[in-house]
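*Asks:* The structure is given below, and queries will be raised subsequently.
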Amino acid sequence: MLSENDVNSDIKQFQEQRQHSGGQSFARELGRFDQTSEPGQSRPAHDNQLLQTLNKLGNKRLDKRRKEAQRLLRENGATFNDFETSDTSRSWQFDPIPLIIGREDWAQVEQGLVQRAELLNLILHDMYGPRELLAKGLLPPELVYTHKGFLWPCVGLLPPEEKYLNLYSANLAKGKDGRFWVFEDFAQPPFGSGYALENRIVMTRSFARLFQDFQVHRLAMYFRTLRNRLAQLARHNRAEPTIVVLTPGPEHPLYFEHSYLASYLGCPLVQGADLVVRNGCVWLKTVSGLRQVDVILQRLADDLCDPLELRADSLFGVPGLLEAIRLGNCATANAIGSGALQNPALLSFLPSLAKELLGEELILPSVATWWCGQPREREFVLQHLNQLIIRPIHPLPGLPASIPGRLNESQLAEWRQRIIANPHLFVGQEISSLTTAPSFVSGQIEERPCVLSTYLTAKDDSYVAMSGGLARVDDDEAKLLVAQSGGYSKDTWVLTAEPKKEVNLWRLAQPDQLIEPLLGPLPSRAAENLYWAGRYAERSEATARLLRSILIKFREYSEFRDPDDRLSLEHLLRALTHVTVTYPGFVGEGGRKKLADPRSELMSLARDVDRPGSLRSSLRGFGQAAYIVRDLLPTDAWRIVDNIQQNWNPRFSITQIGSGRLHDSINQLLVQLSAFSGLNNDNMARETDWLLLKIGRSLERALNLIALLRATLVPYFKPSMEAQMFETVLANSNSLITYRRRYRSFMQLPTILELLLCDENYPRSLAYQLRQLERMIAELPAEREQSQADPDTLLISEVLATLRGSEPKALAQLSRNNDCYPLLEELLTQQKDQLERLSEALMNLYFSPSLVPQQLGSARLDRAS
Amino acid sequence: MRFRVTHITAYEYKDAVALCRNQAYLLPRQTPWQHCLISTLEIDPQPVDLRERLDPFGNRVSHFALQHAHKKLTVTAKSEIKIKTDPERFAAANRNSWDQLIPQLRSNKSPEILAALPFLYDSPLAGSSSALSDYARPSFPNGRPLADAAMDLMSRIYQDFTYQPGVTTVATPLSQVLKTRQGVCQDFAHLGVACLRSLGLPARYVSGYIETLPPPGQPRLVGADASHAWFSVFTGDAGWLDFDPTNNQLIADQHVTVAWGRDFDDVSPLRGVALGGGEHSVQVSVDVERVSEMPT
């Protein structure tokens, strides 16, 4: 293996030989001269000032604040993981010491980034247009034609005056000489800007004191410019364009950022199936019908965007999207096909392309990169395999990361073979010797290598950079340069001379301008998930309440061994199976045995996440639905959702069932669930989204009450048991106190039915739920010209009329053989069926049941002669 | 030679399709040797958003959509084509040896060569490999004139491979076709394209039709034909030369060219995405009818 000095002299020699040969060129020397100096010796003044403040704070307090910040990030959902497969989402690790960049340093970086964005945009225009760079020999054709990001259907997609590149992101390394170097360019959904913002918000909350000594640029300006830019991209309807954020969905590791951006920019967050192309335009399915979409901020990989013309197996895209763009009826940012830039092999051609296209030298150099598509560069890379980072020009599945210096002989041979087989698919990149930044990741302040992701958006004819970015530190330079995530993220402060200016996303109205309120369209998918969030929240609550009643009874029986307690416990257990629909449970096969010792079945209903009907599975359903609409929920409400997911993970053995611990957890859960609904009641505007959440809740509450009453009140009990049973039902419905106040201590079925079924003013009664449903359904948007009422309106009046026509006394009529109350049973069954039909009607009306897309192909060719 | 071609594709669905968008490569392009006199696309039920444009390779591509519930979709492409190939084209392509052409692809930036480069590199269905290069190599000894070499490759594919419908699908990789030595015209066309690319020559996949003549004494069956495919190789100054490995012939006046691309996926005759529909069946019929040349 060569020593580092040998590599350096080899690189130098290589450069000298290639100086006048055109083609690839390599900026060099990422500040290696500074290797002997002690870290921190030449620390800039602002870093010293910061460290002084931090020292005053002390490591202990710093660590406490760091933990708090970490908790905030987690609670806000800044997760890098997926909600589906794991209930404990992992968040970014947070380093509370910001990366500080001085005003003058930043000015140069920004200028360099803007120049680079302009250059890359011109390259894209050429690639998808005349391809003169190929004709002139400035760009080898393999770099374009063999790159997966270059999509033929996107050739000529945009007219020449439109920008392909509206968003751009570059990863920078700071060399020991203090200069910034680019080691990666991103054009296809550049991510991280949302995380940068989130870091800043958490930083200002947990470390407000640190900001006092510095004038730090705010980040909001960037997002404001981005939103203006997106609005400008609209080709029709420019006054009030509809902009949506297109995400692959909650399974995507960056879904947090997608929903965060959507919420911050005030745009609906949508998935491919929420959009449809009709009449050459893109439409969003909303609860009030189709709404035309003018601009899409797309967070999908380019090749997944349109299954008709791009990858046919994509389930995420919108069939016909490219044609709608060609027709000029919709625009995306970035333009589909921009991923062709995400090619590290371009790095070495940028200096000559800058001269050709801009007539300028590159302001920001790229880290030296050798593209193996040319023989001399290939030779060089093969000779120095273990001193360079090897990157493929586009992601290749199953390719291990190449971490220089750590490849053993057999790995080296594999890499060599891989490169020789397809040299044009690989580059070698110099492993940069990074400057370090003060970090707090292991309980004390230490120097760590650091890289910075920067974000730009187009503005008018040029670009502007976010004054800041997402910095990452890690123990290991190579890992930092190779991996996209991992390590610790930190806020980035760009210093300014001006005092802070409050900039936010609000536009200033002209003095005489009257702003029309604009109700954003509620996408059908969001509507559906709000409805289900409401239903699952209520279902969780009902299950939790019943579990709690059972635990109380269980303890009573354990203490007093009263046979009547035993009987009513068994009735409650059977009711639990009915209410949660977890048959056979306590009623079907094996029910006897479970009634004798209910503990393991109870445990399963409390915590088996994969058992539908269990408390934990309902809570997960709640969490998943809420996650999809988190951009619509009040921030604190989301925090509760997250807390519930974190907390409700009972790890008890069944012997503890009667001990009270489970009881306490359930009490805590019930408080959190009512806090969730309380927050929504207090904070959400009475618009469609709130209505759907409430409709889901009321409908579920009605259904749960019906199931409970059917299981507990329909069978006849002997008088000694009856009172106990009635009391439990009332307690379970939180109604014991109200009942006592109203009817004193006479426990009678008709009065109980009066309260729990018929009292339209009592929030726990069935009639109340139905009245609420009727009122809220009337407020839902109606799409059509109303000549007759919608099925949902008809159904709810029907079900309410039936209930109003019932007389509690009549319902409490015993059957001939004195074993049940048949009229009550009949009414409850009828109400249940009608409510289930209502739920279906709502789905059909507002949630547009999505049809399964399928590919149509030509028949197989089989022509012989 | 003049032909009237009718290409009918009929889909039937078990359930209604609510919305369906399609892309068709069914209208024949113009070529130096082929003139498309008439071409129409009839779609039943009545489509919306029907629009024709040229793709980056100069093919005619049609987009259309059906926005109302339907259980059947019939697409009928009718065209009338006049073909007159240049009898000298083979000789012209033979002036260069194949290995003389390869360095020119890199150094010469003529518009013809630049336009051929997109077909030099691997595409999803026609990628190069050392196995393919080994297979092709005996036809390409150093210094052999290009047209002779390509002709030889075509004949070897014709002799070595059995035409066998039903053993391959669109997804069958070439490595398997090379192993089993069976397939249909599409596989043989891809095989030729990928062999040529493995040697460093630009090659394209051509989609079209061929006139079939009934066995002596039998009437011609209307609609019994099918779409066809073959490969084409870039020969430098003499342009592109097309070979039909399924029939072992240089394409001549019986081959109607519809479109060309890097492989089948670029020029699939009809492609669509339907919402709903459940199971579907598809029926294709093609009729290539020779018509008398009217004095004009």
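*Asks:* Is there any pair linking a residue in segment B:266-277 that is more than 7 Å from every other protein chain (Cβ to nearest Cβ) and among the hydrophobic types (A, V, I, L, M, F, W, C) to one that is buried (at least 24 other Cβ atoms within 10 Å of the Cβ) and part of a loop (DSSP other than H, G, I, E, B), with Cβ under 8 Å and at least six apart or on different chains, and which?
*Replies:* Filtered contacts from segment B:266-277: B:V267/B:Y25.
*Asks:* With the checklist (1) part of a helix (DSSP H, G or I); (2) small (G, A, S); (3) under 30 Å from A:G534 (Cβ atoms) in hand, flag the one item A:A810 doesn't pass.
*Replies:* For A:A810, the failing item is (3).
*Asks:* Right, here's the next one. Check A:F717, A:F746 and return the single one that is among the aromatic types (F, W, Y), farther than 25 Å from A:L551 by Cα, more than 38 Å from the chain's Cα centre (by Cα) and at pLDDT below 95.
*Replies:* Matching residue, one of A:F717, A:F746: A:F746.
*Asks:* Only one residue in A:A812, A:A767, A:A801 is in the same structural domain as A:A841 (by TED's automatic domain parsing) and in contact with a Phe, Trp or Tyr (Cβ under 9 Å, 6 or more places away or on another chain), so which one is that?
*Replies:* None of the others qualify; the one that does is A:A812.
*Asks:* Inside segment B:55-100, can you point out the residues that are among the small types (G, A, S) and under 30 Å from B:A274 (Cα atoms)? Spell out how you get there, then give the answer.
*Replies:* We begin by selecting, within segment B:55-100, every residue among the small types (G, A, S); these are B:58, B:62, B:65, B:69, B:77, B:79, B:91-93, B:97.
B:G58, B:S62, B:A65, B:A69, B:A77, B:S79, listed by residue number.
A quick yes/no check of all residues on (1) away from every other protein chain (no Cβ under 12 Å); (2) surrounded by fewer than 13 Cβ atoms within 10 Å (Cβ to Cβ); (3) at pLDDT below 95; (4) within 19 Å of A:Q374 (Cα to Cα):
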site	(1), (2), (3), (4)
B:R89	yes, no, yes, no
B:R95	yes, no, yes, no
B:W98	yes, no, no, no
B:I102	yes, no, no, yes
B:R106	no, no, yes, yes
B:A115	no, no, no, no
B:P118	no, no, no, yes
B:Y121	no, no, no, yes
B:D134	yes, yes, no, no
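*Asks:* Just to verify a result, which residue in segment B:212-235, among those that are more than 30 Å from B:A136 (Cα to Cα) and in a strand (DSSP E or B), is farthest from the other protein chains (Cβ to nearest Cβ)?
*Replies:* Within segment B:212-235, the subset more than 30 Å from B:A136 (Cα to Cα) is B:213-225.
Subsequent filtering for residues that are in a strand (DSSP E or B) retains B:224-225.
Details: B:A224: 10, B:D225: 7 Å.
It comes out as B:A224.
*Asks:* Scan segment A:55-74 and report the pairs whose first residue is among the small types (G, A, S) and whose second residue is part of a helix (DSSP H, G or I) and modelled with pLDDT of 85 or more, with Cβ atoms within less than 9 Å and a gap of 6+ or a chain change.
*Replies:* As it stands, the answer is A:A69/A:N199; A:A69/A:V202; A:A69/A:M203; A:A69/A:R205; A:A69/A:S206, since those pairs meet every condition given.
One line per residue, one yes/no per condition, for (1) facing chain A (nearest Cβ under 9 Å); (2) modelled with pLDDT under 95; (3) on the phi > 0 side of the Ramachandran plot:
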position	(1), (2), (3)
B:V5	no, no, no
B:I8	no, no, no
B:A16	no, yes, no
B:I43	no, no, no
B:D49	yes, yes, yes
B:R53	yes, no, no
B:H68	no, yes, no
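*Asks:* Turning to a different aspect of this structure: What number of residues within segment B:77-87 are surrounded by fewer than 18 Cβ atoms within 10 Å (Cβ to Cβ) and within 14 Å of chain A (Cβ to nearest Cβ)?
*Replies:* The qualifying residues number 0.
*Asks:* Across segment A:310-362, which residue is nearest to the other protein chains (Cβ to nearest Cβ) among those that are hydroxyl-bearing (S, T, Y) and more than 21 Å from A:P160 (Cα to Cα)?
*Replies:* Per the criteria, the residue is A:S314.
*Asks:* Further question on the same structure: Out of curiosity, is A:F316 modelled with pLDDT under 95, in contact with a strand residue (DSSP E or B) (Cβ under 6 Å, 6 or more places away or on another chain) and over 28 Å from A:Q429 (Cβ atoms)?
*Replies:* Against the criterion (modelled with pLDDT under 95, in contact with a strand residue (DSSP E or B) (Cβ under 6 Å, 6 or more places away or on another chain) and over 28 Å from A:Q429 (Cβ atoms)), A:F316 does not qualify.
*Asks:* In segment B:257-295, what count of residues is obtained for those that are outside any strand (DSSP E or B) and on the phi > 0 side of the Ramachandran plot?
*Replies:* Residues meeting the conditions: 2.
*Asks:* Select the helices (runs of 4 or more DSSP H) contained entirely in segment A:322-440, then report the ones holding at least 2 residues which are within 30 Å of A:R311 (Cβ to Cβ) and not basic (K, R).
*Replies:* Counting at least 2 such residues, we get A:350-358, A:409-421.
*Asks:* Can you list the strands (runs of 3 or more DSSP E) lying wholly within segment A:167-250 that have 1 or more residues being among the hydroxyl-bearing types (S, T, Y)?
*Replies:* A:167-174
The values are calculated or read from the model by the stated rules, or taken from the named source; none is laboratory data. All values derive from a computational prediction rather than experimental measurement. A quick note on method: Cβ atoms are made from the backbone with ideal geometry, for glycine too, and the neighbour counts reach across all protein chains shown.
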